[in-house]
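Notes follow the structure.
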Amino acid sequence: MLFDWGAADRPELERLGNVLDVTDRARRKQNSIALAAQLLRVRSRTGKTIPLAANDAQKQYEEDRGQSNIILKARQMGMTTWVAGQFFMKTITHAGTLTVQVAHTQEAAESIFRIVHRFLRCLPPSLCQGALKTSQVNARQIIFPGMDSEYRVETAGAPNAGRGLTITNLHCSEVARWPGDPAEILEGMRAGLSPAGELVLESTPMGAAGCFWKEWREAKGTGIVRHFFPWWMEKAYVSHAVEENSLNDAERRLRREHDLTLEQIGYRRQIQERFRGLARQEYAEDATECFLASGNCIFDTAAIDARLREVPAPVSERRDGLHVWLRPLKGKEYLVAVDPAGGGEDGDYSVAEVIDMGTGLQCAELQGRLTELDLAQEVAKLAHEYNHALLAVERNNHGSGVLAYLKGVCRYERLHATGGQEGWLTTSVTRPLILGRLGSALVESPEIFASERLLRECRSFVRRASGRAEAQTGEHDDCVMAMAIALAVREERLTGRALN
């Protein structure tokens, strides 16, 4: 399909834009790919300026593209360039359009806008007049007053990025690597997206936790179209062919299932040699494994992932957030460990973990956003139910109030004490010790854990650049800390040696 670049007035540009909006999926794909190849120019891997000819991943994206999209991809698949190109064409052919691309760093934002500036600079000369004359062109913004349209690039960490705007097209790049609280930033961006607007979330993976992972996992329920592009969809990813008789089982399976060439297998070996444990993250092969392979989890991820595949369903789910796997048995001794929080709809969860004092088996788990009084009443009920269990309440912060309610309102007296004071005290000394004990149990006795919530929190419990171990941004660690306290108190009771 060839397009006529002779006219540059607004009606003609809008007519051109109509070809991008046809409802027939096959025609839309054909038009988008043809228009990009004729209109847009990019820099090739060898540094030459060439037409934007769609690769296999970009063609597949156009085949499946919806109004809201999430792209999980290997490195350098060209998806950022392709989305930028599609949104640029819409910006210059649809009056009243505001396109916003959001990058994870300042450097990435500048790189994206260099791509967009090249699109503008290489437009056919006849189009750079009339309605496409620009009133402002800088490092972050291009304004086309004749079309009442604008193209912006923002940085996710910038204060008020995207706030107060009515956005037509929103592309969020490398969401898994956004700084701060990515979920809050994304929520602010989405609030400005018009009801008919197009959304693209795109990233390589970084851990089975965080905003991008949640968006990917929940996409089917939210109406977002998922797109996964493994590394072998990029034709440039080849190397010297390997001998067929040298293939291992994994390589044979990939050859069989995805029709990979021996040159692609050779490239795969180079990836694994260079990136080692991060190869599955940077050059994704599976939409689940690429998340599990990444991140800085302080616990043994293989042990967690193996147990996650085996965890039993609760035998009952009572009250909000109470899961039960093993009901109390007569004559058994139990322990209830509590990590209190302040309550409130947006705060952390309060968690109580019930374990068998003899075996360490996880029996029940209560998780909820509860006030101090409500939490005290709930855990008192739980402790009574489990044979008048020992209650170990972390007394840091909100815990002192919970302890006071337990004694004064609930009249529950069987409370664990350390250092002559009721409650468990987590300090800079005891915290790494109890987390270390939990980590050992995950490897040595994974069968004692039944809660998927707990194990997923363990999976997103990472070591920060500061060295502190805590929940990844946007995740929770209340189940982790409650279970760590439970195992520590059990050890103290069995050995008679106190950590505190």
### Query
So which lysines can K407 reach, going by Cα to Cα under 30 Å and dropping same-chain residues fewer than 8 places off?
K330, K332, K381
### Task
Determine the dipole magnitude for the chain: charges of +1 sit on the beta-carbon of Lys and Arg, -1 on that of Asp and Glu, nothing else is charged, the reference point is the Cα centre, and the result goes in debye to the nearest 20.
980 debye
### Task
Show me 30-39, 254-263 ranked by packing, highest mean number of other Cβ atoms within 10 Å first.
30-39, 254-263
### Using θ = phi - 60° and Karplus 6.51 cos²θ - 1.76 cosθ + 1.60, couplings along the range 80-88 (whole Hz; Gly, Pro as x)
4, 5, 5, 5, 4, x, 5, 6, 5
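Give me the net charge for the shell around L254: Cβ to Cβ below 14 angstrom, other residues only, Lys and Arg +1, Asp and Glu -1. Present the calculation step by step, with values, prior to reporting the outcome.
Details: positive: R252, R253, R255, R256, R268, R269, R280; negative: E244, D249, E251, E257, D259, E263, E285, D286, E289.
Net local charge, L254 excluded: -2.
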### Query
Just going by the charge dipole of the range 10-229, with Lys and Arg at +1 and Asp and Glu at -1 on Cβ, which of T168, I142, P195 is farthest out on the positive end?
I142
### Message
Cα atoms only: what Rg and Dmax, in Å, come out for the range 369-488?
### Response
15.1, 44
#### Entry: Dipole-positive endmost among M77, V311, T359 within the chain (Cβ charges, Cα centre)
M77
## Note on the structure
Surrounding charge for E202, neighbours by C-beta under 13 angstrom, Lys/Arg +1, Asp/Glu -1, total +2
### Query
Which value, in Å to one decimal place, does the Kirkwood hydrodynamic radius take for the range 298-377 when every pair of different Cα atoms is included?
14.2 Å
### Task
Per residue of the range 228-238, in order, report the coupling 6.51 cos²θ - 1.76 cosθ + 1.60 (Karplus, θ = phi - 60°) as ³J(HN,Hα) in whole Hz, putting x for Gly and Pro.
10, 10, x, 4, 6, 6, 8, 5, 6, 7, 9
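Charges only on Cβ, +1 for Lys and Arg, -1 for Asp and Glu: so what's the dipole of the range 244-292 about the Cα centre, in debye to the nearest 20? Write out the running numbers ahead of the final one.
Working: 9 positive and 11 negative charges, 28 e Å.
I would put it at about 140 debye.
Report, to two decimal places, the Cα Rg of the range 10-229 normalised by 2.2 N^0.38 Å (N = number of residues). Don't skip to the answer; put the middle values down first.
On the way: Rg = 16.4 Å, N = 220, 2.2 N^0.38 = 17.1 Å.
Dividing the Cα Rg of the range 10-229 by 2.2 N^0.38 Å gives 0.96.
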### Message
Quick check on the exposure proxy: order I298, I71 from fewest to most C-beta atoms within 10 angstrom.
### Response
I298, I71
## Note on the structure
Note on the chain, DSSP bridge orientation, antiparallel percent to nearest 5 equals 50 percent
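Show me the ranking of peptides 307-313, 77-83, 488-494 by mean Cβ neighbours inside 10 Å, starting with the highest.
Details: 307-313: 12.9, 77-83: 23.6, 488-494: 18.9.
Highest mean packing first, the order is 77-83, 488-494, 307-313.
Suppose R0 equals 41 Å. What FRET efficiency, 1/(1 + (r/R0)^6) with r the Cβ-Cβ distance, do T46 and R226 give to the nearest 0.05? Write down the numbers at each step before the final one.
Numbers: r = 33 Å, r/R0 = 0.80.
Here the calculated transfer efficiency is 0.80.
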#### Entry: Binned Cα-Cα distance frequencies in the chain - 10 Å width, integer %
4, 17, 23, 19, 16, 12, 7, 2, 0
### Task
Using amide H atoms built 1.01 Å from N in the peptide plane, name the residues 5+ places from W424, or on other chains, whose amide H lies under 5 Å from its own.
V393, E394, R395
### Query
Short version: ³J(HN,Hα) in whole Hz for each residue of the range 98-105, in order, from phi by Karplus 6.51 cos²θ - 1.76 cosθ + 1.60 (θ = phi - 60°), x for Gly and Pro, what are they?
10, 9, 10, 10, 10, 9, 7, 9
### Query
How large is the Kirkwood hydrodynamic radius of the range 101-234, in angstrom, based on all distinct alpha carbon pairs?
16.3 Å
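I'd like to compare 426-438, 371-383: which one has the highest average count of other Cβ atoms within 10 Å, and what's the full order after that? Don't jump to the answer; show the numbers that get you there.
Details: 426-438: 16.2, 371-383: 21.1.
Those peptides, ordered most packed to least, come out 371-383, 426-438.
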### Query
Between their Cα atoms, which of K90/K220; K59/K220; K48/K90; K59/K235; K29/K133 are more than 20 Å away from each other?
K90/K220; K59/K220; K48/K90; K29/K133
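Coordinate-derived values only; no laboratory data. Source: prediction; values computed, not measured. Note that we place each Cβ from the backbone using ideal geometry, even for glycine, and neighbour counts take in every protein chain shown.
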